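Student: First the structure, which I've put down as structure tokens, then a few questions once you've had a look.
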Amino acid sequence: MRNGFDNEKYLRIQSEHIKERIAQFDDKLYLEFGGKLFDDFHASRVLPGFEPDSKLKMLMQLADYAEIVIVISALDIEKNKVRGDLGITYDKDVIRLRDEFQNRGLMVGSVVITHYKGQEVVKAFSRRLKKLNIKSYFHYTIEGYPSNVALIDSDEGFGKNDYVETTRPLVVVTAPGPGSGKMAVCLSQLYQDNKKGIKAGYAKFETFPIWNLPLKHPVNLAYEAATADLNDVNMIDPFHLEAYGKTTVNYNRDIEIFPVLNAIFEGIYGENPYKSPTDMGVNMVGYCIIDDEICCNASKQEIIRRYYSALNNLAEGKGEESEVNKISLIMQQSKITSNDRRVTLAANERGSKSGVPTAAIELADGTIITSETSSLLGTCAALILNATKHLAGIDHKVKLIPSNMIEPIQNMKVTYLSGNNPRLHTDEVLVALAMLSLNDENCKKALDQLPKLKGCQVHTTVMLSEVDRKIFKKLGVDLTCEPIKKKRQSN
């Protein structure tokens, strides 16, 4: 777990670059924050050393004259889209983000709901925001967006949207995830500000793709894998190549929208200060990679994890086969297979021998620990016990939780809770371990090892229950599962 990214350098030069961009505009700057403003776990996984709250730390330096606008798509509200890293829906995350920002002393001005078509569930969400004293605005779908520039740049296009009232010179536009419509909100505001005689500017703070890395660099390919459901495609920026004769990387949505931005800026200033989508960005990430090999390897592992996530979603009826196919192609481009994930190989090898569900974990030092389902414990519960015993230096033969304590819990689950699965889940094992730790030194030593599991890799040969998935998430473990459902069982 060595670092390949210099986070301190990033904070310094990124902050300086953003301040320089703000200085280019007089009255107001709309700064679109692509990706996640904090909890950016994707960036921390593919760029080891990147801290998930790096963007937030920079923003807090500008807190006195910045306000935040949170954007959410009505389409994501309709389909209850879930943030994969946190396991909560986008609409709930909007409220979580607002609370997190305010707890850090940042001003949240409002929420903008894009792609609005009068959906009842969206109206209900707006009413909920009102009860929480959160202003909300509606932005509508524009036919032919983004190619119909004449309609977009008119009173029937951007002019039809609600005007978002803001009070500070720097307006940070963010969202729970990609595809929410952040850029369109910024452009709509530029159009309406111009009508009001306000000279406003726009810039974009997007971490991925990294413009000054090669198109097929694993870090950029990992971004494509992460956004497979959006059909994002990394591309050479043709506008930048034409203007400067230099090859840079951007992605399809920014390239598609650039003519719109160009037309709007020409309407405001007479000319566009940006000659390309790359010019719009303020991304300095590429300058802070200190070990390319580490970041490449980390990104390849992320691609494999995304592949398993897509397979699991497809098996559960939550995803599309096209996502699996796209990531499969990315894996081919990266010259990797699922067997390049060490825990996948270890878990599947043990599973083929035992014939029961198995799991494997790779610890920080590279050690692989495996487990399998038994009559007493589920494979994940056994894995945690095996891993913590190893980390605590406890002999593998030692039984941390005696069978005479497990059996009454099993009896309770089956007899009183009408369960079909008597085996203990991870949460039940951890509770038992915590209780025993009061009087058992080995249990206390094992329990104290749990923080060391953060960042470790786990693979299981079957899809897990929600209980087990949540425990691994809380432990900070990167989990993948074979897309095989266990037999029906109760928690």
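The values are calculated or read from the model by the stated rules, or taken from the named source; none is laboratory data. This is a predicted model, so every value here is computed, not measured. Cβ placement follows ideal geometry from the backbone for every residue including glycine, while neighbour counts extend to all protein chains displayed. In case anyone asks, the SASA skips ligands and DNA or RNA and just uses the protein heavy atoms, side chains included. Shrake-Rupley method; radii C 1.70, N 1.55, O 1.52, S 1.80 Å.
Student: Using only Cα atoms, find the angle between the long axis of helix 120-131 and the longest principal axis of the chain, and express it within 0 to 90 degrees, rounded to the nearest 10.
Tutor: 90
Student: Now a separate question. Could you please state how large a percent of the accessible area of the chain is carbon and sulfur, counting protein chains only and using a 1.4 Å probe? Mind showing how you got there, number by number?
Tutor: On the way: 10900 of 22040 Å².
C and S fraction of accessible area: 49 percent.
Student: Taking the range 66-153, how much of its Cα-Cα pair set, in percent, is spaced more than 15 angstrom apart? Numbers along the way, then the final one.
Tutor: Values: 2369 of 3828 pairs.
The share of Cα pairs beyond 15 Å in the range 66-153 comes to 62 percent.
Student: At a Cα cut-off below 14 Å, give the aspartates and glutamates reachable from residue 470, other chains included and same-chain residues fewer than 8 away excluded.
Tutor: Within the straight-line limit of under 14 Å, residue 470 reaches these aspartates and glutamates: 85, 427, 428, 478.
Student: Per residue, how many Å² of accessible area does the chain show with a 1.4 Å probe? Write out the running numbers ahead of the final one.
Tutor: Numbers: 22040 Å² over 491 residues.
Normalised by residue count, the accessible surface of the chain is 45 Å².
Student: Which of the listed residues, 103, 33, 3, is farthest toward the dipole's positive end in the range 1-113, when Lys, Arg count +1 and Asp, Glu count -1 at the beta-carbon?
Tutor: 3
Student: Setting aside same-chain residues fewer than 8 positions from residue 123, which lysines have a Cα under 25 Å from its Cα?
Tutor: 79, 81, 92, 131, 135, 160, 182, 318
Student: Which whole-number percentage describes the relative contact order of the range 41-169, with Cα contacts under 8 Å and a sequence gap of 6 or more?
Tutor: Values: 144 pairs, mean separation 30.8, N = 129.
It rounds to 24 percent for the range 41-169.
Student: Can you list the aspartates and glutamates whose alpha carbon is less than 20 Å from that of residue 9, not counting same-chain residues fewer than 8 positions off?
Tutor: Straight-line reach from residue 9, under 20 Å: 20, 39, 40, 51, 53, 206, 291, 292, 293.
Student: Express as a percent, rounded to the nearest 5, the fraction of DSSP beta bridges in the chain (both residues included) that run antiparallel. Mind showing how you got there, number by number?
Tutor: Values: 15 of 47 bridges.
Beta bridges within the chain, antiparallel portion: roughly 30 percent.
Student: Also, quick follow-up: On a 0 to 90 degree scale, rounded to 10, what angle separates helix 292-315 from the longest Cα axis of the chain?
Tutor: Value to nearest ten degrees: 80.
Student: Send over the semi-axes of the chain's equivalent ellipsoid, whole angstrom and largest first, taken as the square roots of 5 times the C-alpha gyration tensor eigenvalues.
Tutor: On the way: eigenvalues 409, 121, 89 Å².
Here the semi-axes work out to 45, 25, 21 Å.
Student: Right, another one. Mind jotting down the distance between the C-alpha centroids of the range 330-384 and the range 178-212, whole Å?
Tutor: Cα centroid of the range 178-212 versus Cα centroid of the range 330-384: 44 Å apart.
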